[in-house]
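Report on one structure; see the data block that follows.
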Amino acid sequence: MLRLLLLTSTAFLFTACQQASAQKKDMERSTERGAALYAEFCESCHGVNMEGGMAPSMADESWAYGGTVADIRRIVTQGLEEVGMPAFGDVIRGQNLDDLVTYIHSDLSSEKIPAVENVSSVEERVKIEDWATDLDEPWGMHFIADDTALVTEKSGKLWQVSSVGRIEIKGIPESVDERQGGLLDVATDPDYANNGWVYLSYTHADKKDRKALMTKISRGRIKNGQWTNEQTLFQAKPEDYIKTGFHFGSRITFDDEGHLYFGIGDRGKKDEAQDLTRPNGKIHRIMRDGSIPEDNPFVEIENAYPSIYSYGNRNPQGTIVHPQTGVVWETEHGPRGGDELNAIKSGVNYGWPKISYGINYNGTELTPHTALPGMEQPVSQWTPSIAVCGLDVYTGDLFPEWKGRLLAGALANQTVRLIDVEGETYKGEAILIKDKGRVRDVTIGPDGAIYVALPSRIVRLTPNE
Ligand code: HEC
């Protein structure tokens, strides 16, 4: 009897173990399938490891909309359309939905899923050190002297930063820190030494309806830590402000003929990128005082924004005039896939949303066309998306062989890419740094070092000798 009991209990134990290990296997398989779904549908916005990119982190255990299984199921199915989280109910359901939620909740979620890379790394060439720390989402930066830069924080502060400390510039225009919006880029006038003008791009709220937002451009001078002489250079008509929190653009750059270029994203209204009477989904060109250049391409078209220089641009977050060739380089976010490198030309239609190498975030077809007559092709494109942000041209002396190459940052992909261009053609690219955090901006210091804005700090890259 005793023996029998023993036997049965061992047998029981044995099956329980088997069951547990079978359960574990199921869980692992489910997590694996969930990881694949995540990589396919979520990674482009939430980051390769859920660390966040254009969308919030899901790895930091803070959930704005509730982090229970039920919450995540509901959010994935229905989306949060107002804030830019698409609905996936049509494509992810049943077992797939279970697997995805298992994955998001699993410990494995913080493990690496390798991003698709086809570019070589030159990482060993550079030494990386912290230059400024304890920053809150630095968005734009621009050097005004050796070891001194103006730096914006998305939350609305402008700082004069050096390696030994920083001072806050008071009295800058009010910006709205909402989703992707906030205080965005900062740039100085090409003749800054003589005129002191500093330019800002930021998310501006309509006076009557604080939820209606649009990108605005202003300039001012800094005297004793105070913003003065403020002038508005570009402001959209109040009726064109839009109640979404994403796709604001925007980088400010200058050519040597007195023009200032900046971009505004489509603001989530993709068809308006093709509409010349709307400011969104465009690259704009104005004079540095905000006046309209006489030879802008659409000045003769009734009701068109006269500042429009090119259109069909989804969300430009890198714009730089190449100092040697004068080419206006631009990087813009694609939807899922199809991030673009463009050479921006007057009056040209870059095709969004009629042509794109990307597809809808939920995997459905966005457009059957990657090319159409009358629409410009990108010079190069990244599929899967890397979430491009920040662009500069290397001009320093520390890396003489890189002179004239583009430096492009990427948020979700967490890289800085060194892109070789000749005139308006793409010759190839290499990864300069990776996995240091999502890259918001890249700039060159007067010392020839490359400075990279990460989520809470700015790092300095110099040759690794
Ligand atoms: C187009 C970009 C985009 C894609 C693709 C995307 N999301 Fe989101 N997601 C967002 C945005 C934007 C938010 C909300 C931002 C905010 O308001 O804080 C969000 C929010 C969420 C939240 C709530 C987070 C919180 O803090 O409470 C969850 C959960 C979520 N997404 C899951 C997913 C999953 C799972 C996928 C893949 C099936 C996915 N998302 C794909 C953009 C995206």
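The values are calculated or read from the model by the stated rules, or taken from the named source; none is laboratory data. All values reported here derive from a predicted model rather than from experimental measurement. As a convention, Cβ positions derive from the backbone with ideal geometry for all residues, glycine included, and neighbour counts pool all protein chains shown. Calculation scope for accessible area: heavy atoms of the full protein, side chains included, ligands and nucleic acids excluded. Shrake-Rupley method; radii C 1.70, N 1.55, O 1.52, S 1.80 Å.
Using the Karplus curve 6.51 cos²θ - 1.76 cosθ + 1.60 with θ = phi - 60°, what ³J(HN,Hα) values do you get for each residue of the stretch 30-37, in whole Hz, with x for Gly and Pro?
Per residue, the Karplus-derived 3J(HN,Hα) values read 4, 5, 4, 5, x, 5, 5, 5 Hz.
Apply the Karplus curve 6.51 cos²θ - 1.76 cosθ + 1.60, θ = phi - 60°, to the phi angles in the stretch 205-210 and return the couplings in whole Hz, x for Gly and Pro.
Karplus values, whole Hz, x for Gly and Pro: 9, 5, 4, 7, 10, 5.
Can you give me the angle between helix 94-105 and the longest principal axis of the chain, using Cα atoms only, in degrees from 0 to 90, rounded to the nearest 10?
That works out to roughly 70 degrees.
Given the peptides 311-324, 347-360, arrange them by the average over their residues of other C-beta atoms within 10 Å, most packed first.
The packing order, highest mean first, is 311-324, 347-360.
How would you order 93-100, 385-392 from highest to lowest mean count of nearby Cβ atoms within 10 Å?
385-392, 93-100
Order these peptides, 207-220, 165-178, 441-454, by their mean beta-carbon neighbour count within 10 angstrom, highest first.
Peptide ranking by packing, descending: 441-454, 207-220, 165-178.
Pull out the extension gain between VAL299 and GLU239, defined as 0.36 nm times the separation in residues minus the alpha carbon to alpha carbon distance; nm, one decimal.
19.6 nm
If one takes the longest principal axis of the Cα atoms in the chain, at what angle in degrees, from 0 to 90 and to the nearest 10, does the Cα axis of helix 69-78 lie?
Between the helix axis and the principal axis of the chain, the angle is about 50 degrees.
Quote the relative contact order of the chain in percent (integer), defining contacts as alpha-carbon pairs under 8 Å separated by 6+ residues.
13 percent
Roughly how many percent of the accessible protein surface of the stretch 120-463 is carbon and sulfur, given a 1.4 Å probe and a whole-percent answer?
Solvent-exposed carbon and sulfur of the stretch 120-463 make up 44 percent of the total.
Please state the relative contact order of the stretch 242-368 as a whole percent: Cα pairs under 8 Å, 6+ residues apart?
With pairs under 8 Å counted, the relative contact order is 21 percent.
VAL393's amide H: which non-local residues (gap 5+, or another chain) put their own amide H closer than 5 Å, with H modeled 1.01 Å from N in plane and none for Pro or chain starts?
LEU407
Across every pair of different alpha-carbon atoms, what Kirkwood hydrodynamic radius in Å does the chain reach?
The answer is 23.3 Å.
For the stretch 162-170, just list the computed ³J(HN,Hα) in residue order, Karplus coefficients 6.51, -1.76 and 1.60, θ = phi - 60°, integers in Hz, with x standing in for Gly and Pro.
Per-residue couplings from phi come out as 9, 5, 9, x, 7, 10, 7, 8, 8 Hz.
Quick query: amide H of LEU411 versus all other amide H atoms, modeled in the peptide plane; which residues come in under 5 Å with a sequence gap of 5 or more or a different chain?
The list, which skips near neighbours in sequence, is VAL388, CYS389, VAL439.
Under 16 Å between alpha carbons, and skipping anything fewer than 8 positions from LYS211 in its own chain: which aspartates and glutamates qualify?
Candidates past the 8-residue exclusion: GLU81, GLU82, GLU174, ASP177, GLU178, GLU239, ASP240.
Using the charge dipole of the chain (Lys, Arg: +1 at Cβ; Asp, Glu: -1 at Cβ; taken about the Cα centre), state which of LEU100, LEU366, GLY225 has its Cα farthest towards the positive end.
Looking along the dipole axis, the top candidate is LEU100.
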